[in-house]
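Everything below concerns the one structure shown next.
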């Protein structure tokens with residue numbers, strides 16, 4: 001049982017490049033989400049999904065795309081990287097139950113855009 | 001939209017002192033969760049509170065949910081160096097699928 005797996009752990013991009021951050025979970029969770037973490041800003045929600053084929057925007061969605069073709073995978077795409085997207089990105093998954101909303105986080109991807 | 005405010009942003013304590021972080025929501029919450037993130041690590045779930053006025057304990061950690069379900073606190077008794085990290089609250093209201101995180105309180109424990 002691997003939990004939530006994110007790849008890569010580290011990435012350096014040039015401004016204007018695109019890339020996909022991968023996230024996979026093996027807990028059969030319906031809910032998955034992407035956060036970015038910047039110093040002093042906490043965890044800000046980028047996009048989330050409540051099930052395969054369903055995605056929605058969070059607090060800071062601009063410059064990012066997501067898709068959810070399977071329950072297990074929830075990739076995050078940076079369309080044209082900008083220095084402002086330098087951050088640590090976390091993927092999380094959770095049960096779709098009001099009585100148990102524990103979120104499981106991946107190890108994070110540290111992205112630098114130069 | 002829903003806002004979750006957390007204070008203080010940083011707290012320095014001497015080992016053995018107590019520590020408290022506070023979380024306030026602009027709306028009534030259906031539940032609140034607490035997470036701990038060690039330096040360089042990822043957030044790890046600590047606990048969830050659901051009932052008005054609920055108090056839960058985990059060893060030296062005490063979690064409270066306010067009567068109005070709009071605020072919460074985490075209190076650590078006699079801090080240890082292993083308590084170092086950032087503590088986040090995450091509140092969820094009735095209409096939301098995903099909780100809103102506070103900005104976190106970073107705890108620094110001096111030996």
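The values are calculated or read from the model by the stated rules, or taken from the named source; none is laboratory data. Keep in mind that this is a model prediction, so the values were computed, not measured. Positions of Cβ are generated from backbone atoms using ideal geometry, with glycine treated the same way; all protein chains shown enter the neighbour counts.
Taking the listed residues A:64, A:35, the one that is crowded, with 18+ Cβ neighbours inside 10 Å and in contact (Cβ under 8 Å) with a residue 40 or more places away in the chain is A:35, with no other qualifying. One residue stands out in region A:89-101 among those that are surrounded by 16 or more Cβ atoms within 10 Å (Cβ to Cβ) and over 10 Å from the mean Cα position of the chain (by Cα): the one that is modelled with the lowest pLDDT, namely A:101. The set of residues from region B:1-43 being at the interface with another protein chain (Cβ under 10 Å from one of its Cβ atoms) and surrounded by 18 or more Cβ atoms within 10 Å (Cβ to Cβ) comprises B:4, B:6, B:31, B:32, B:33, B:35, B:37, B:42, B:43. Residue count for region A:25-50, restricted to those that are more than 8 Å from chain B (Cβ to nearest Cβ) and farther than 18 Å from residue A:112 by Cα: 9. At least 2 residues being more than 30 Å from residue B:8 (Cβ to Cβ) and out of contact with any helix residue (DSSP H, G or I) (no Cβ under 9 Å at 6 or more places or on another chain) is the threshold, and among the strands (runs of 3 or more DSSP E) wholly inside chain A those reaching it are A:4-7, A:10-13, A:19-25, A:31-38, A:42-51, A:54-57, A:64-66, A:76-78. Every condition in (1) at positive phi; (2) crowded, with 22+ Cβ neighbours inside 10 Å; (3) free of Cβ contacts under 8 Å to residues at least 60 places away in the same chain is met by residue B:72 except one, and the failing one is (1). Considered as a group, the residues in region B:56-93 that are out of contact with any strand residue (DSSP E or B) (no Cβ under 9 Å at 6 or more places or on another chain) and within 19 Å of residue B:38 (Cα to Cα) include one that is nearest to the other protein chains (Cβ to nearest Cβ), and that residue is B:59.
Search region B:94-108 for residues being surrounded by fewer than 18 Cβ atoms within 10 Å (Cβ to Cβ) and either outside any loop (DSSP other than H, G, I, E, B) or in contact with a strand residue (DSSP E or B) (Cβ under 6 Å, 6 or more places away or on another chain) (or both), and hand back the single one that is farthest from the other protein chains (Cβ to nearest Cβ). Selected residue: B:108. Per the conditions (1) away from chain B (no Cβ under 14 Å); (2) without any contact (Cβ under 8 Å) to a residue 12 or more places away in the chain, the sole criterion not satisfied by residue A:69 is (2). When each of A:76, A:13 is tested for being touching a strand residue (DSSP E or B) at 6+ places or on another chain (Cβ under 9 Å), closer than 28 Å to residue B:32 by Cα, away from chain B (no Cβ under 14 Å) and at pLDDT 95 or above, the lone residue that passes is A:76.
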